[in-house]
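Rule-based calculations on the coordinates, nothing more; no lab input. On a predicted model such as this, the values are computed, not experimentally measured, just so you know. Glycine also receives a Cβ, built like all others from the backbone with ideal geometry; neighbour counts cover every protein chain displayed.
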Amino acid sequence: MLYQAKKFVRRFIKSERGTQVIEFAFVFPCLILLFAGTAELGRLFYTYTSLAKATRAGARYLSNVQSVSSSTAAAKNVVLCGNPGGCGGNGQPAVILPNFSASNVVVTPTTVGGVKYVTVSITNYAYQPLIFDLNAMTGANFNMNLSPSTQMRYMLN
């Protein structure tokens, strides 16, 4: 009986069956973290480029209007949803990103040496992660505020 037990233990130690499962168990969490991190970074990049494109659209709109000061509400609508008439409801386009409002959009006309510029910027848009929400996991404050801006020259009064 003792001989059979030793033989079984020796055979068990030399056996390589199941080693792939153990290796996979070690590697799989790392792969999941890499995939999730890549997805979250892609979402962050998409959000920032969407905001940057929106500021360009707003500045382009303001560079072609008669009066910048009287067209800021329409320009904010262009930034929010691409439509100077307004956003949401009755067949109008929806806001491009969640938790994005007109209070995040700042329009600043300036004149430098007789040349007129308009700056459209987005202030403190709080990016909200889906996968790696460190605020919820740790209780700390890891907010990422995105603030793209675009400045364009305009010729009209």
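Taking only the Cα atoms of the chain, the radius of gyration and Dmax are 27.9, 102 Å. Estimate the FRET efficiency between Lys116 and Asn145 by the formula 1/(1 + (r/R0)^6), using the beta-carbon distance for r and 30 Å for R0, to the nearest 0.05. Once the sixth-power term is evaluated, E becomes 0.55. Close amide-amide hydrogen proximity is noted between Ala94 and Gly88, each under 5 Å apart and 5 or more residues distant or on a separate chain (H modeled in the peptide plane; Pro and chain starts excluded).
Taking square-rooted eigenvalues a ≥ b ≥ c of the alpha carbon gyration tensor, is the range 100-154 rounded, prolate or oblate, where a/c under 1.5 means rounded and, failing that, a/b exceeding b/c means prolate?
Working: a/c = 4.38, a/b = 3.85, b/c = 1.14.
Prolate shape, in that a/c is at least 1.5 and a/b is the bigger ratio.
With a length cut of 30 Å (Cα positions projected on each helix's long axis) and a Kyte-Doolittle mean of at least 0.0, go through the chain and give me the DSSP H helices that pass.
Numbers: long enough: 19-62 (65 Å, 0.78).
Span-like helices in the chain: 19-62.
In straight-distance terms, cross-link reach from Lys6 covers every one of the lysines whose alpha-carbon lies under 23 Å from its own, apart from those fewer than eight places away in the same chain; here that gives Lys14.
Nothing charged except the Cβ atoms of Lys and Arg (+1) and of Asp and Glu (-1): what's the magnitude of the dipole of the range 19-154 about its Cα centre? Round to the nearest 20 debye.
Details: 7 positive and 3 negative charges, 147 e Å.
Once rounded to the nearest 20, the dipole reads 700 debye.
Using 0.36 nm per residue and subtracting the Cα-Cα separation, the extra length available between Ala39 and Ser103 on full extension is 20.2 nm.
A straight Cα-to-Cα reach below 22 Å connects Lys53 with the lysines Lys76, Lys116, residues fewer than 8 places away in its own chain not being considered. Along the charge dipole of the range 1-72, pointing to its positive end and built from +1/-1 on Cβ of Lys, Arg, Asp and Glu, which listed residue (Phe35, Tyr48, Ala25) has its Cα farthest out? Among Phe35, Tyr48, Ala25, the one farthest towards the positive end of the dipole of the range 1-72 is Ala25.
Taking amide H as placed 1.01 Å from N in the peptide plane, the amide H of Tyr125 sits under 5 Å from that of Leu146, each at least 5 places away or on another chain.
Rounded if a/c is under 1.5, else prolate if a/b is larger than b/c, else oblate: which is the range 7-69, with a ≥ b ≥ c the root eigenvalues of its Cα gyration tensor? Spell out each step's value before the answer.
Working: a/c = 15.99, a/b = 10.85, b/c = 1.47.
Here the range 7-69 falls in the prolate category.
Within the chain, the cysteines lacking any other cysteine Cβ closer than 4.7 Å to their own Cβ are Cys30.
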